[in-house]
1. Looking only at residues that are open to solvent by 50 Å² or more (accessible area, probe 1.4 Å) and more than 16 Å from A95 (Cα to Cα) in the range 54-69, which one is nearest to the chain's Cα centre (by Cα)?
2. Hey, could you check the range 199-217 for residues that are part of a helix (DSSP H, G or I) and farther than 15 Å from S183 by Cα and say which is most open to solvent (accessible area, probe 1.4 Å)?
3. Could you check E309 against (1) exposed (fewer than 11 other Cβ atoms within 10 Å of the Cβ); (2) modelled with pLDDT under 85; (3) acidic (D, E) and say which number it fails?
4. Could you list, in sequence order, all residues of the range 113-134 that are touching a strand residue (DSSP E or B) at 6+ places or on another chain (Cβ under 9 Å), open to solvent by less than 10 Å² (accessible area, probe 1.4 Å) and not in a strand (DSSP E or B)?
5. Out of everything in the range 178-188 that is part of a loop (DSSP other than H, G, I, E, B) and in contact with an Asp or Glu (Cβ under 8 Å, 6 or more places away or on another chain), what residue ends up being surrounded by the most Cβ atoms within 10 Å (Cβ to Cβ)?
6. Hydrophobic (A, V, I, L, M, F, W, C) and buried (at least 18 other Cβ atoms within 10 Å of the Cβ): is that true of A88 in this structure?
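The values are calculated or read from the model by the stated rules, or taken from the named source; none is laboratory data. Just so you know, these numbers come straight off a predicted model, no measurement behind them. Neighbour counts are summed over all protein chains in view; Cβ atoms, including those assigned to glycine, are modelled from backbone coordinates with ideal geometry. Remember, those area values only see protein heavy atoms, side chains included, never the ligands or the DNA or RNA. Shrake-Rupley method; radii C 1.70, N 1.55, O 1.52, S 1.80 Å.
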Amino acid sequence: MKNLIDITDFGVDELFSLIDTANDIIANPKKYAEACKGKKLATLFFEPSTRTRLSFEAAMLELGGSVLGFSEASSSSAAKGESIADTAKVVSCYADIIAMRSPIEGAALVAANNATVPVINAGDGGHCHPTQTLADLLTIYREKGTLDNITAGFCGDLKYGRTVHSLLGALARYKNVSAVLISPAELRLPDYVKQDLPNGMRLMEATELETAIPELDVLYMTRIQRERFEDKAEYERLKDSYILTADKLKNAKADMCILHPLPRVNEISVKVDGDGRACYFKQALYGKYMRMALILKLLKEAESDCSRENRFGENVIFGEHKCKNPRCATAVEQELEQAVKLCDNGVLRCCYCDKEI
């Protein structure tokens, strides 16, 4: 049984298949109006969300299915201390597929290891957000006509920005893709994310948006995420590091694609919204279509294969090393066995949150 926990769970061919399905849904919505009739999606959202939760719900409803779940942890038995594993086991009794968001890094993996239905990671802390990446890929493909031969700029919070981590992992598998990483020193892309990227992907770091923007085919803006900071004074100091204005776009390419996973705070001026290069609201719409395609894929595969995935792979050591990340599932989940993977470079990393041990 297939789950989507990390964007690398899907190969390039599978990603193109999802894009093709999404494009067909856009062109022929009536064809899919009852594709999930009788099926139920459970949305388990332990963290606030607007676009991701509503787009999942809209996706399932437009496929003819139904939705149940909760939109905050206080509305669930998590408020009483129920573990992620137990929640996944229970909800599997009521639904055919689960979409889950949590502030705990690795929570979706814990759920997938315990559920008896497919699990979709709708964001786990600052770790990754693969379904947002599906929306991003469809947007870029429809705007640029390709996912090859592009230079993409990522601006803002690259340390905690799970959307950035996932999109980089996806784009790295396409041909001749370069990434310009624009951030303050305090919010640089973590080393563990860089280490996972293929050597063929060119990475360049910058601190100024204005100097980087002329070379970009895609600009991915992100907000500085207050909820990820332990030191609120640091957040206040960094929150206005980058603001995209109409003036800053004067030297950008005429066909550059501006993306943002939303919500926007003030990192993109509302005056940019009228620019033809602004694609972030299209991006939100495309997210619904890609989630429709994803639900169809996982439900179809679950019908023919009910076996459990081996989520850990090879070269995994159990119980001997402890992850020190306080946001990791191993820090909060009841009796969760520590699991670390031995990487090719000899580094040990937590299987749940990917932090170096």
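1. L54
2. Checking each candidate, the answer is E215.
3. (1)
4. Correct list: A115, P118, G125, G126, C128, H129, P130, T131, L134.
5. Once the filter is applied, the top-ranked residue is S183.
6. Yes: the conditions hold for A88.
Residues are listed down the side, and each one gets a yes or a no for (1) over 14 Å from I84 (Cβ atoms); (2) in a helix (DSSP H, G or I); (3) in contact with a helix residue (DSSP H, G or I) (Cβ under 8 Å, 6 or more places away or on another chain); (4) open to solvent by 10 Å² or more (accessible area, probe 1.4 Å):
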{"position": "A111", "(1), (2), (3), (4)": "no, yes, yes, no"}
{"position": "R142", "(1), (2), (3), (4)": "yes, yes, yes, yes"}
{"position": "N149", "(1), (2), (3), (4)": "yes, no, no, yes"}
{"position": "G153", "(1), (2), (3), (4)": "yes, no, yes, no"}
{"position": "K159", "(1), (2), (3), (4)": "yes, no, yes, yes"}
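So that you can scan it fast, the table gives a plain yes or no per residue for (1) touching a strand residue (DSSP E or B) at 6+ places or on another chain (Cβ under 6 Å); (2) modelled with pLDDT of 90 or more; (3) buried (at least 19 other Cβ atoms within 10 Å of the Cβ):
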residue: K253; (1), (2), (3): no, yes, no
residue: H260; (1), (2), (3): yes, yes, yes
residue: I268; (1), (2), (3): yes, yes, yes
residue: C279; (1), (2), (3): yes, yes, yes
residue: E303; (1), (2), (3): no, no, no
residue: K324; (1), (2), (3): no, yes, no
residue: E335; (1), (2), (3): no, no, no
residue: D344; (1), (2), (3): no, no, no
